[in-house]
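Colleague: If you scroll down you'll find the structure; I have some questions about it.
Quick note: the coordinates plus some simple rules give every number you see, no bench work behind them. No experiment lies behind these values; they were computed from the predicted model shown. For neighbour counting, all protein chains shown are included, and Cβ atoms are generated from backbone atoms with ideal geometry for every residue, glycine included.
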Amino acid sequence: MDLPSPENRPHLAQVVPSVLAALGAREFPETLGIQPVAAACVLLIDGLGSELLDTYAADAPVLSQLSRTSLQVGYPATTAAGLAAIGTGVESGEHGMAGYTFEVPGAGVLNALRWCAHPGGPDLREQAPPEGVQPLPTTFERATEAGIKASVVSEAQFRDSALTHAVQRGGRYVGVHALGDLAASVLAVLEESPSFCYAYHSQLDQIGHLYGPGTLAWRMQLRQVDRLVESIVDALSPGRLLAVVADHGMVAVDDTVDLDATPELLDGVRALAGEARARHVYTENGATDSVLAAWRAKIGDRAWVATREEAIAAGWFGSKVSDHVRPRLGDVVAAARDRFGMVRRTAEPMESSLIGQHGSLTKAEQLVPLALAYGR
């Protein structure tokens, strides 16, 4: 099977190092052409793919008119991996946040957003401490060491989450509740210098999951995102930068296979992880070849199905895969094509009911905007 490889374009992981370089931290590489500034904010809009922004530019006139290029987010195209790319400056093969869910040896399958055993199990902070699952120094810790004030402006409910500790530790956490105090908090941080601010907005992704990307509800939410960007841009002081990015795009899934109801896809499988568009398949001893053959026979026309080593060789997880990350990747890895989804209606009823999905290697999921606005 011919497997896709990443495009030759900048990666989401390059954004924060480039911003910190623009703030004067010489130990970081500047690879994105960002101008020197005194303070900068990276605003991540969860679920805003470049193709969606291009298609619905009329609903986001301010954001669409900013100086803009596209980045790739790498595999899997999902929130845990995207936030880790921002928070570490490296790709998933190094930071190890290998999916919405993935197996951590000794702890089982971890839900990276809820930090519990998946599906529906107990909290795993003791068995899988956040600092152990993601041990690399964060960009926030490194910014602070370089003399730059680092802040995280995000929903108040996430202040003490395990994912926050895994990928955003070291930043001063500013908890917010709505678009108004998100914008106000960003602008307050940008008055300090030198300062780096990461801000996060989740609701476009939520609406896309529930109703589908491009629906009227999604477009109305995109308009609110544009007003958020406008509120910050209009108030930017000279020497300040707003960089708008996303963690992944999204597609509407209308063709599915229910893994829980397909015995030939479970034979020889000891655990399943990932999500509907990007599956990790962990096999029983000696069963990898038979599982690979069964998955390719059943869904090979609707998904790229590879062994762990084939996926690594194709560059799905970046140019480097660390030894502690390798066991988290499935013995077999399946990435959906087109509008296909590999759901689990028994084990994952909520996730399986969602219309909008992401995680795979299509351009709709992989490409996200990098939009820049400088204060005047």
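Colleague: With a 10 Å Cβ neighbour count serving as the proxy for reagent exposure, in which order, fewest first, do Glu126, Glu309 appear?
Modeller: Values: Glu126 8, Glu309 14.
In order of increasing Cβ crowding within 10 Å: Glu126, Glu309.
Colleague: Rg (Å, one decimal) plus Dmax (Å, integer) for the alpha carbons of segment 8-152?
Modeller: Taking only Cα atoms of segment 8-152, I get Rg and Dmax of 17.0, 49 Å.
Colleague: Helix 288-299 versus the longest principal axis of the chain: what is the Cα-based angle in degrees, 0 to 90, to the nearest 10?
Modeller: 80
Colleague: Same structure again: Cysteines without a disulfide-compatible partner in the chain, using Cβ under 4.7 Å as the rule?
Modeller: Cys116
Colleague: Still on this structure, please answer the following. With a point put 7 Å past each Cα toward its Cβ, work out how far Asp323 is from Glu155 in nm, to one decimal.
Modeller: Placing both labels 7 Å beyond Cα along the Cβ direction yields 3.9 nm.
Colleague: Would you mind checking the tilt of helix 179-190 against the longest principal axis of the Cα atoms of the chain, expressed as 0 to 90 degrees and rounded to 10?
Modeller: Here the helix axis deviates by roughly 60 degrees.
Colleague: For segment 179-281, build the convex hull from the C-alpha positions and give me its volume per residue in Å³. Before the final figure, lay out the partial values.
Modeller: Values: hull volume 13.7 nm³, N = 103.
It is 133 Å³ per residue.
Colleague: So what's the angle, to the nearest 10 degrees on a 0 to 90 scale, between helix 79-88 and the longest Cα principal axis of the chain?
Modeller: Taking Cα atoms only, the helix is inclined about 50 degrees.
Colleague: Okay, next question. Return the percentage of antiparallel bridges among DSSP beta bridges fully within the chain, rounded to the nearest 5 %.
Modeller: Working: 34 of 62 bridges.
Of the beta bridges lying entirely in the chain, close to 55 percent run antiparallel.
Colleague: I need two numbers for segment 1-61: Rg to one decimal and Dmax as a whole number, Cα atoms only, in Å.
Modeller: Taking only Cα atoms of segment 1-61, I get Rg and Dmax of 15.3, 49 Å.
Colleague: Could I ask something else about it? Between Ala261 and Ser5, 0.36 nm times their residue separation minus their Cα-Cα distance comes to what? Spell out each step's value before the answer.
Modeller: Details: separation 256, 0.36 × 256 = 92.16 nm, distance 3.11 nm.
Additional length available on full extension: 89.0 nm.
Colleague: Now, a different point. For the chain, build the charge dipole from Cβ charges (+1 Lys, Arg; -1 Asp, Glu) around the Cα centre, then report which of Leu83, Trp295, Leu242 sits farthest towards its positive end.
Modeller: Sorting the options by dipole projection puts first Leu242.
Colleague: Another question, then. Return the long-range amide H neighbours of Gly341 (sequence gap of 5 or more, or a different chain), with a cut-off of under 5 Å between placed amide H atoms.
Modeller: When sequence neighbours closer than 5 places are left aside, the close amide H contacts are Asp255, Thr256, Val257.
Colleague: What is the spin-label model distance, in nm, from Met350 to Asn285 if the labels are put 7 Å beyond Cα along the C-beta direction?
Modeller: 3.7
Colleague: Still on this structure, I have one more. Over the Cα atoms of segment 255-357, what is the Rg over Rh ratio if Rh follows Kirkwood? Let's see the in-between values first.
Modeller: Details: Rg = 13.2 Å, Rh = 13.8 Å.
A ratio of 0.95.
Colleague: Could you check which residue among Leu361, Leu187, Leu48 shows the biggest mean-square fluctuation in a GNM of the chain with a 10 Å Cα cutoff?
Modeller: Leu187
Colleague: Counting residues in the chain as N, plug N into 2.2 N^0.38 Å and put the Cα Rg over that result.
Modeller: Values: Rg = 19.9 Å, N = 376, 2.2 N^0.38 = 20.9 Å.
Working it through for the chain, the quotient is 0.95.
Colleague: Estimate the FRET efficiency between Thr215 and Ala184 by the formula 1/(1 + (r/R0)^6), using the beta-carbon distance for r and 25 Å for R0, to the nearest 0.05. Let's see the in-between values first.
Modeller: Numbers: r = 30 Å, r/R0 = 1.19.
E between Thr215 and Ala184, to the nearest 0.05, is 0.25.
Colleague: Sticking with this structure for a sec: Looking at segment 249-323, which trypsin sites (Lys or Arg not before Pro) are DSSP coil and have at most 13 other C-beta atoms within 10 Å of their C-beta?
Modeller: Details: sites: Arg270, Arg277, Arg279, Arg296, Lys298, Arg302, Arg308, Lys320; in loops: Arg277, Arg302, Lys320.
Hits after loop and neighbour filter: Lys320.
Colleague: Can you tell me the length gained on complete extension of the stretch Asp54 to Gln35, counting 0.36 nm per residue apart and subtracting the Cα distance? Before the final figure, lay out the partial values.
Modeller: Working: separation 19, 0.36 × 19 = 6.84 nm, distance 2.49 nm.
Once the chain is fully extended between Asp54 and Gln35, it gains 4.4 nm.
Colleague: Next up: So, with +1 on the Cβ of K and R and -1 on the Cβ of D and E, and no other charges, what is the size of the charge dipole of the chain about its Cα centre, to the nearest 20 debye?
Modeller: Values: 30 positive and 44 negative charges, 113 e Å.
Result for the chain is approximately 540 debye, rounded to the nearest 20.
Colleague: If you don't mind, another one. I want the local charge near His248. Using Cβ-Cβ distances under 12 Å, sum +1 for each Lys or Arg and -1 for each Asp or Glu among the other residues. Intermediate results must be reported in sequence, preceding the final value.
Modeller: On the way: positive: Arg277, Lys363; negative: Asp46, Glu51, Asp205, Asp247, Glu275, Glu365.
Surrounding charge for His248 is -4.
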